[in-house]
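Read through the structure below, which is laid out as C-alpha cells, and then see the notes.
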Amino acid sequence: MATPFTLSVALRQLAHNRGQTLLTIGVVATSVTLIIFISSLINGLQVRIVNNVTDSIAHVRIMPEERQPQALWERDPVPGQPLAVGRVAKLEQRQRKIEGWQPWLERIRTLAGDDLLVLVPSTEGSVVISRETKRIPGRLLGIVPEDYNRIVDIQSNLVSGRFYGLNGGEVAIGLRLANDLGVALGDRVRLLSAEGNVSNVTVAGIFDTGFGSVDGGAVFVPARDAQSLLGIGNAITGFGLKVTEVFQAERVAAELRQQLPFKIESWMQDNERTLSGLRAQSGSSQMIVAFTTLSAGLAIAALMVMAVTNKYREIGILKAMGASSRQILRIFTLQGLILSLIGALLGTLASVGLLAWLGSLKTVSATTGKASDLFPIAFTWGNFLIGNGLALVTGFFASLYPAWRASLVDPIKVIRGQ
Amino acid sequence: MSTSPSPSPLLVLNSVGKVYTGEIETRALADISFAVRPGEFLAIVGSSGSGKTTLLNLLGLLDTPSEGQITLDDLDATRLEPDEAARLRCERLGFIFQFHYLLPEFSALENALMPCRVAGNDRAEREESRMRALLGRVGLGDKLAKRPHQLSGGEQQRVAIVRALANDPLLVLADEPTGNLDSRNANEVFQLLRALTRESGKAVIMVTHDHELAQRADRIITLKDGRIESDVTVG
C-alpha cells in the first residue's frame, strides 16, 4: 500500500527524471495504442468477413432429408410382405419438399428459443432465366418479401423498382443479373424451372446488395409463384433462420438436429475454411498483443533498472535513515504503476483518436458508387480493458525486478562511496 | 582502555569484533568495549584502515558484529532483522555523512523532514515547525524551499545536520561531517553540530581523522589496527 512517504518519493523522482519518465510513458502509451489499434482493426476485419458471409444467407438452414438408397439387409422385414430384389438404380431426381409446414414453424420457434432472431419459410429451386437469346441459370427464391428481407436486406439496396409488395407475375433480380440479361425495370423475362414449368414475369425490382451470389443469381418471386414453378403445391423447400449470435449458429443447429427430422446446416459448416482463416487471424492478433506486451514490459524494466542505478545513492541514504526494504520496494513498484497508468491513459486517448480518424476514411466502389469504410474498425470495451489491463499488470511486474534490486541496495556501500 | 562511568549508558559495546569472511579472512575490529552516556560528544579517531568506518556501521545498525554485544537504549541491538534495524535507526539514530547526500528532488525543508516522512507522515507534520526553526537556527531560514543544487556545500551540510536531528534521536552518528568542507565552513558546521546537540542533549559519535577537530569533543577514542588504543576524556 502506498504511504505518503513512498508516494511522494516515487512522484518526485519521476518528476525529476523527466526524460526517462516521458520515455517510459511513451513506451507504454505506444504499446497500448498498438494493442487497442491492432485488436480493433482485426476485430473489425473479422466482423466484416463474417458479415460478408452471413448477411447474404440464413445462419441455419432446415431442409428435408435427402433420400438415401437402402440395402436389403438394412431394412426391417415387414411380416407378410415379400422383399423384391432388383438392380440398384439412381434415385429419381425429385424436388425435396416439406408438406404441411405450418406446425413446424411454431415447433422450430419454440426449440430455438431466445437464440432465434428471424425464422422464414422459403421455397427454393433451380431456374433458368431468359430474355430473347440470353439464358442464365439462377436460384429461384419464393418468399414473402417483408419476411425474407430480415434474412437478406434487399429493400434498402434497391436500385430501382420495389421489393416489398412484389405481386404475382413479378420478379426482383440483382443488378448484375439484369445487366447480364440486358433487362431493365418493367421488362419481361422467362423463368424455366428444372421441373419444366415456365412462367413469364415482369422485372419489378432491381437491387444491388454487393453480394455476388445474390446480385448475380438470385431470382425473387412471391412464394405462390415459386411453388407453381417448382410444382410442389402448397409445400415449401425449407426454413431459414437468423440467430442472435452468429457464432452460436452451429450450437443452435446441433440442438435442432436432435429434435427435428430434417437436414439442418449452419453457415459455420458451410464456411469452415473462412472460419479457419478467422481463427488463424485471431491467433496472429493474440501473438502480436503478447509480443507487444512483452516488449513493453522489457522496455519498462530496462528503463526502471536504469532509474534504480541512477538513484543508487539516494536509495542507500534513505535506507540508512531507516527506510525499510519494503518501503523502497513500494517506491519503485509505485513508479511502475504510475508510469503504466499514465501511459495506458495516453495510449487509450491516442488509439481512440487514431481509430476515430481511420474510421472516418471512406472508399467509394468503382462499380456501384457506394461509399464504405476504408478500415473496418470494431472498437470494443473488451479491447480497451485488455490494452489497459495488460499495461498495468505488465508495468507492475516489470517494475518488480528493478524494485527488488533497489530494496537490496546496501547503505554501507553507498556511505563508503562504492 | 577505559569505559564511560555513566550509571545509565545510552550505548554499550561489549567485546565487539568484526571479521570479514571471504577468500581472505580479515579482522576489522577486535574486543571493542565502551559506553556512551546521553549528551556525550565522542570523537573516534584513527588512521586509515584502523576500523573507524566499520565501527560506525556497527553503531549505526547498518552491519552486525561477528562477536560481542551492542546495547542501544537498553535494547540488545547485536543481531536485528533488517527491518527491525531500519525501524530502530529511524527512531533512535541520526546520521551525518561526509557527503551531504541530500535528495535532489526535495527542498531543504523537505530533506530535513525526510526521516520523519520515513517514520510516518503524522510525524512530519508535527515536526515541521521545529525543523523550520532549526533550519533558521543554522542560517537557512530564507532557503527552506531551495533544492540542494541551489545551496553551497556548507549549506547542504547544515541541512544534513538538521536532518540528523529530525526524529529527535538519542544518538547522532557523524562520519567525517566536515571532511568535504573548507576550513571556515568546517568550523562553522562543527560549531553548529556541537551547539545543536548540546542544546537538545543528544549524544554524538563523530568519526574523524582530523585530530584538531577531535580535541573539541568531550572524549576521544583512538583506534589502531581494529582495537581501541586509547579512550581519553578531554578537558
- Task: Would you mind ranking B:Glu81, B:Glu155 so that the residue whose beta carbon has the fewest other beta carbons within 10 Å leads the list?
- Result: B:Glu81, B:Glu155
- Query: Is the shape of segment B:103-148 best called rounded, prolate or oblate, per the rule: a/c under 1.5 gives rounded, else a/b larger than b/c gives prolate, else oblate, with a ≥ b ≥ c the square roots of the Cα gyration tensor eigenvalues?
  - Reply: oblate
- Message: Residue by residue through segment A:284-294, what is 3J(HN,Hα) from phi via Karplus (6.51 cos²θ - 1.76 cosθ + 1.60, θ = phi - 60°)? Round to whole Hz and write x for glycine and proline.
- Response: 4, 4, 5, 5, 4, 4, 5, 6, 5, 4, 4
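Expressed as a rounded percentage, what relative contact order does segment A:94-241 have, with Cα pairs under 8 Å and six or more residues apart? Mind dumping the intermediate values first?
On the way: 319 pairs, mean separation 52.2, N = 148.
35 percent.
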- Gap separating the Cα centres of segment B:164-191 and segment A:295-366, nearest whole Å: 39 Å
- Query: So what is the relative contact order of chain A, in percent, for Cα pairs below 8 Å that sit 6 or more residues apart?
  - Reply: 27 percent
- Can you give the mean number of other chain Cβ atoms that lie within 10 Å of the Cβ atoms in peptide A:247-257? 0
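How big is D, in µm² s⁻¹, for segment A:310-389 by Stokes-Einstein at 4 °C and 1.567 mPa s if Rh is the Kirkwood radius over C-alpha pairs?
Working: Rh = 16.7 Å.
Value of D from the Cα-based Kirkwood radius: 78 µm²/s.
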- Step through the table entries A:Lys311/A:Lys413; A:Lys311/B:Lys52; A:Lys311/B:Lys146; A:Lys319/B:Lys146; A:Lys134/A:Lys370; A:Lys242/A:Lys263, compare each Cα-Cα distance with 22 Å, and write down the pairs that go over it. A:Lys311/B:Lys52; A:Lys319/B:Lys146; A:Lys134/A:Lys370
- chain B, relative contact order [Cα under 8 Å, separation at least 6], %: 29 percent
- Item | Residues with amide H under 5 Å from that of A:Glu170, placed H, sequence gap 5 or more | A:Thr202
- Query: Kirkwood Rh, Cα Rg: Rg to Rh for the protein assembly as shown?
  - Reply: 1.35
- Item | With at most 13 other Cβ atoms within 10 Å, longest stretch of chain A clear of loop GluC sites (Glu not before Pro) (DSSP) | A:246-418
- Query: Using the 10 angstrom Cβ neighbour count as an exposure proxy, how do A:His16, B:His149 rank, fewest first?
  - Reply: B:His149, A:His16
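Stretch B:Asp73-B:Glu125 to full length: gain in nm at 0.36 nm per residue minus the Cα-Cα span?
16.1 nm
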- Taking a label point 7 Å from the Cα of B:His149 along Cα-to-Cβ, the residues of segment A:1-33 whose backbone nitrogen sits under 11 Å from it are A:16-18
- Message: I'd like the Karplus ³J(HN,Hα) series for segment A:339-349: coefficients 6.51, -1.76, 1.60, θ = phi - 60°, whole numbers in Hz, and an x wherever there's a Gly or Pro.
- Response: 4, 5, 5, 5, x, 5, 5, 5, x, 5, 4
- Query: Not counting the cut sites, what is the longest span of chain A without trypsin sites (Lys or Arg not before Pro) that DSSP labels loop and that have at most 10 other Cβ atoms within 10 Å?
  - Reply: A:95-418
- For segment B:23-141: rounded, prolate or oblate by the Cα gyration tensor [a/c cutoff 1.5]: prolate
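Going by how many other Cβ atoms sit within 10 Å of their own, how do B:Met131, B:Met206, A:Met287 line up, fewest first?
Lowest count first: A:Met287, B:Met131, B:Met206.
Computed from the coordinates by the stated procedures, all read-outs in this text should not be read as laboratory data. This is a predicted model, so every value here is computed, not measured. In this analysis, Cβ positions are derived from the backbone assuming ideal geometry, glycine residues included, and neighbour counts consider all displayed protein chains.
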